[in-house]
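The values are calculated or read from the model by the stated rules, or taken from the named source; none is laboratory data. What you see is a predicted model; the values in this text were computed from it and never measured. Positions of Cβ are backbone-derived with ideal geometry, glycine not excepted, and every protein chain shown enters the neighbour counts.
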Amino acid sequence: MIPDEVVDRVRDEADIVEIVGEFVKLKRVGTSFRGPCPFHHGKHDNFSVLPRGSFMCFVCGEKGNVFTFIQKHLGLDFVEAVKWVGAKIGVEVREVSRQQEGPDPREPLWEVNAAASEFFRRALWEEAGGASARTYLQGRSIDREDAERFTLGFAPREGNLLREHLQALGFDDDRQLAAGLLVRREENNELRSRFRQRLMFPIYDLREHVVGFGGRVLGEGEPKYLNSAESEIFSKRRLLYGLNWAKQAIRRADRVLLVEGYFDLIRLVLAGVDEVVAPLGTALTEAQASLLRKYTKNVFLLYDSDSAGQKATFRAGDELLRNGVSVRVVTLPDGEDPDSFVTSEGVEGLEREIAQSIDIFDRKIQILQRGGWFADLRRKRQALDKLLPSIRATTDHIMRDLYVTRTSEVAGVSRELLERELGMPAAVQTAVVAAEERVAAPVRRARNRDRRLNRRAAGARAERELLRVMLHDRRYVEAVAERLGAESFTDPAYRMIFTELVTLGPEASIGEIAGVCDEDAIEVLEELLAEDGGLDRANETVDGSISAIAARDLDARLSDIDREMPLAGPDEKDDLIREKEQLRKQLQALGRGSFKSFRASTS
């Protein structure tokens, strides 16, 4: 037998219009496709195929899904039909000894989410409390018909209304907790609704199940957008908002537009652009990039034009390049986002901008050139550090070669040197002293390398210890935030937890922090909360941690200097050597302070 999840995946990813179209000449009629029936061999267009995944003949009554069609048309059994369709769309189908028995264990969570979605929808349109949400939508030029298309809703301020409604329908607190609709307060173990006073966006999986929600706060409050907690059916790193509606359109257009937010997507779809999806308020993940690759190799990034949007663009670009995708950037005028631009310029204006899009790597170079990053030695080195990760991420060998050639041209660095940098693992690069420098004996170089590795290890431990103290003793949150920023945390999970802790404030509950973290960060959060030893030395830990992080950052600059030496002229080398000496003095000063004892504890 074929596992149910494999059958589901093949059915979800198959384009029934494309597959049936191999045997029947179809033409679009409204939202469906029509042609002569292949089963009773009719001459008229009585055979209808719906992109959602079904077919039906209005004369002979034959109907079914993509597997039914292949079974009947090619004379195959069910297993053979699944394998045939799987081979067509590139999904490997293997049989196992036994098929999953009984109902899907996720069904109870799908049911309670569907009931919650309907409650939110009615609260938006039929309850007095939804007036603020209706006014907000009106300000965004979204009428009821448009909102109903995306099943938007409203979570009332009175959180118990949803809980009591679901209980009346037979959904107990345990099921609501498992679905993430309720959260438990740590201080008094009280249950409360996760979403309150928020405009609600139901999030669907590929089979049209409501698996979670995104909620936008109305009025004051943080976070601005709140997603469902991770659950058996909801993993925001593996889902894309709107893919359930867009998957067939993506295949037909052989492209996808990736936008940042719910309203960007809604505005584009209402304008007539169906092949658009959005991540769920986080940076694009590897799982999301891999999911997109199953539908198309052509991705257009349509993020906001501000600095945050640019950062998100390039992070997403690297993930997509790792999946062998062609990535292009659509640049909107300053101050515009997809929502505002399409509202004013329409789909015609958007298509003009798409036609003028440029490759993600060319866009990165363009921004660096405009910022003068190639004008002096130090910034040129930093510019290369921004370009090299994208080249490393590129799995398409031809594009990688083109990127190397382009970088050599704009930076004035030999191709051989770039290839050498690209061929070295990152940990090795930071320890290598360029051959041109050769100012230290081999033994001294080894000793320096060991010291740098020790400081790096101490810095990694310092991030963890600092965050652990902040979580257990909230008095330190604001004090640490005054001395360090999120950029000081190199570990992505630590950085995310620190950012949310500072953003939400010392009074935030662990549930609220976890609600805006991804799966990896939640796992780390749980580990840190379980470690409560040594908190009686919190002051010492905080001071030592901050010193250790500073030492690591100084060491990173020393490594940068080593890497800049091959690009430097005589005068520039003198400047780099002087800077190096100053950094070493600062490191020595740190070593005599609290960092020394902290470092010893990590050995």
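Side notes on the structure shown:
- Selection within segment 40-56 - surrounded by fewer than 18 Cβ atoms within 10 Å (Cβ to Cβ) and either in a loop (DSSP other than H, G, I, E, B) or in contact with a Phe, Trp or Tyr (Cβ under 9 Å, 6 or more places away or on another chain) (or both): H40, H41, G42, K43, H44, D45, N46, L50, R52, M56
- In segment 335-358, the residues that are touching a residue at least 60 places away in the same chain (Cβ under 8 Å) and within 14 Å of L265 (Cβ to Cβ) reach residues that are of a type in the set (K, R) and in a helix (DSSP H, G or I) with C-beta atoms within less than 9 angstrom, at least six apart or across chains, in these pairs: P338/R267; D339/R267; V342/R267; T343/R267.
- Considering segment 376-456, the qualifying helices (runs of 4 or more DSSP H), each wholly inside and each with 2 or more residues that are at pLDDT 50 or above and of a type in the set (S, T, N, Q), run over 377-393, 397-411.
- Any chance E62 is surrounded by 17 or more Cβ atoms within 10 Å (Cβ to Cβ) and among the acidic types (D, E): yes
- Matching residues, segment 404-421, being under 17 Å from L368 (Cβ atoms) and exposed (fewer than 13 other Cβ atoms within 10 Å of the Cβ): T405, E409, G412
- Every condition in (1) of a type outside the set (D, E); (2) out of contact with any helix residue (DSSP H, G or I) (no Cβ under 9 Å at 6 or more places or on another chain); (3) at positive phi holds for A355 except the one numbered (3).
- Positions within segment 298-316 being under 20 Å from G242 (Cβ atoms) and either surrounded by 24 or more Cβ atoms within 10 Å (Cβ to Cβ) or touching a Lys or Arg at 6+ places or on another chain (Cβ under 9 Å) (or both), in sequence order: N298, V299, F300, L301, L302, Y303, T313, A316
- Contact annotation: residue pairs with Cβ atoms under 6 Å, 6 or more positions apart or on different chains, pairing a residue in segment 33-52 that is touching a residue at least 24 places away in the same chain (Cβ under 8 Å) with a partner that is small (G, A, S), are L50/S32.
- Here R252, R207 are screened, and the one residue that is outside the structural domain of E111 (by TED's automatic domain parsing) and out of contact with any Phe, Trp or Tyr (no Cβ under 8 Å at 6 or more places or on another chain) is R252.
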